[in-house]
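One structure is given below, encoded as structure tokens.
The values are calculated or read from the model by the stated rules, or taken from the named source; none is laboratory data. The structure displayed is predicted, hence computed values, not measured ones. All Cβ positions, glycine included, derive from the backbone under ideal geometry; neighbour counts span all protein chains shown. We work out accessible area using only protein heavy atoms, side chains counted, and drop any ligands, DNA or RNA first. Shrake-Rupley method; radii C 1.70, N 1.55, O 1.52, S 1.80 Å.
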Amino acid sequence: MKQKKEVEIIDHSIMNHLKVFLVDMTSRAPHGHDDMEIGVILDGKMDLFIEDSHYSLVQNDIYIISRYQMHSFHCPGEKALILAFQIQDAFYTTINPGLHYFRTSCNVIRNGTGMLHQSLFSKLISCAGWYFSEEAFHDLKCASMILDILYSLFDHSCCSIITQKEADAMELHSVRLNHFTDYIGSHYMEQISLDTLAALEHISPCYVSHYFRENLGISFQEYLANIRFQRAYYLVRHTNLSITDICLESGFSSTRYLNQMFVKKLCMTVKEYRKSNDRPRLLTPDLPSDNKQTPYSFEQSAFLFDKYLEK
């Protein structure tokens, strides 16, 4: 039986092949999707993990993610407000089919680093204004600005054309990673092994082990322990469940192992953490493993964007 591909498909309802929206981001587990994504940090701070690289982003920084490129988010504070542009390849491949195989070579353009940032930031803010506008032919203006933004990235050598073989490999990796992380996210309370994941994709356990290392920079066991710890950490902070019940809810095999994780990440046991008057917060995890985000609707995004411009 042919296996279903689990790629994030994004609904585009305002303009064909383009979606612009605001999102409150707290955490997003590793994933890939079939759209190119450009984001501007409007407020707050955010850690961005792309493949095995880690970037700490602040207000007005810009990030660029290629189609099917593995990435995840985590905010060291409560949340960050992001202006996101998600662009389907049909938007630009009708103009130049070769662009189907382009990939960004610089994922982050930081605020204050020169003319490229100033130009892109101005164009992205203006483009969003046209996207949310009710002016006649606002969609044509918005589309022209997106093409200008893409041209600027190529003109400054921030993008390159890859081979079809490389593009196909990126898509396969994205589909496979989404399958793994979705399964772990739904079954972390159960026993999961390399054999379990290998059976999902009909590959060897050894390959799965290397796959996690190569694509996420940590081992499968580290990723699984991290997602269990994230759940346990939430339960310790927000419930009165016993340590034993927290272990059962989060998938830890023993209270000893849970306490070891708390000591490793927060320098105190669960009991000590609960008794502390000044509980330390978990800042940046080894890798984000949960999904806590609030994407806003078109109407909400338009309203919040107007508020942002008024500041």
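Packing-based ranking of 18-24, 253-259, 74-80, 129-135 yields 18-24, 74-80, 129-135, 253-259, ordered from highest to lowest mean Cβ neighbour count within 10 Å. Considering only F49, F180, F137, the Gaussian network model of the chain with Cα springs below 10 Å gives its largest mean-square fluctuation to F137. Here segment 6-125 is treated as a Stokes sphere of Kirkwood radius computed over C-alpha pairs; at 4 °C and 1.567 mPa s its diffusion coefficient rounds to 87 µm²/s. Relative contact order of segment 178-306: 22 percent, from C-alpha pairs under 8 Å at least 6 residues apart in sequence. Given L241, L197, P280, which one lies farthest toward the positive end of the charge dipole of segment 169-286, if we put +1 on the Cβ of every Lys and Arg and -1 on the Cβ of every Asp and Glu? Farthest towards the positive pole: P280.
Based on C-alpha pairs under 8 angstrom that are at least 6 apart in sequence, segment 79-155 has a relative contact order of 20 percent. The smallest convex shape that holds all Cα atoms of the chain, its convex hull, gives 156 Å³ per residue.
Identify which of K141, K275, K123 has the largest mean-square fluctuation in a Gaussian network model of the chain, with springs joining Cα atoms closer than 10 Å. Greatest mean-square fluctuation among the candidates belongs to K275. For segment 91-144, a Kirkwood hydrodynamic radius built from all Cα pairs, placed in the Stokes-Einstein relation at 20 °C and 1.002 mPa s, yields a translational diffusion coefficient of 161 µm²/s.
Rounded to the nearest 20 debye, the dipole magnitude of the chain is 1060 debye, with +1 charges on Lys and Arg beta carbons, -1 on Asp and Glu beta carbons, and the Cα centre as origin. Percent of alpha carbon pairs in segment 139-236 separated by more than 23 Å? Percent of Cα pairs beyond 23 Å in segment 139-236: 47. Under a model in which nothing but the beta-carbon of Lys, Arg (+1) and Asp, Glu (-1) is charged, segment 198-272 shows a dipole of about 260 debye around its Cα centre.
Taken one residue at a time, the phi angles of segment 133-143 give Karplus couplings (6.51, -1.76, 1.60, θ = phi - 60°) of 6, 9, 5, 4, 6, 4, 5, 5, 5, 4, 4 Hz. Gly and Pro are set to x.
Considering only F73, L57, A136, the residue lying farthest towards the positive end of the dipole of segment 17-140 is L57, judged by Cα position with unit charges set on Cβ. About its Cα centre, the dipole of segment 54-191 is roughly 280 debye, where the only charges are +1 on Lys and Arg Cβ and -1 on Asp and Glu Cβ.
Based on Cα contacts under 8 Å between residues 6+ apart, the chain shows a relative contact order of 23 percent. For H33, nonlocal amide neighbours, meaning residues 5 or more places apart or on other chains whose placed amide H falls under 5 Å from its own, are Y68, Q69.
Just to be sure I understand the curve: with the Debye formula and one point per C-alpha of segment 205-255, what is log10 I(q)/I(0) at q = 0.19, 0.25 Å⁻¹? Those come out to -0.64, -0.83, one per q.
Counting only alpha carbon atoms, the long axis of helix 220-238 and the longest principal axis of the chain meet at about 80°. In summary, the convex hull built on the alpha carbon positions of segment 64-166 has an orientation-averaged projected area of 8.0 nm².
Here the accessible area of the chain is 51 percent carbon and sulfur, with a 1.4 angstrom probe and all protein chains present.
Its residue count N sets the reference 2.2 N^0.38 Å, and the alpha-carbon radius of gyration of segment 185-301 equals 1.23 times that reference. Near D61: Cβ cut-off under 13 Å, other residues only, Lys/Arg at +1 and Asp/Glu at -1. The net charge is 0.
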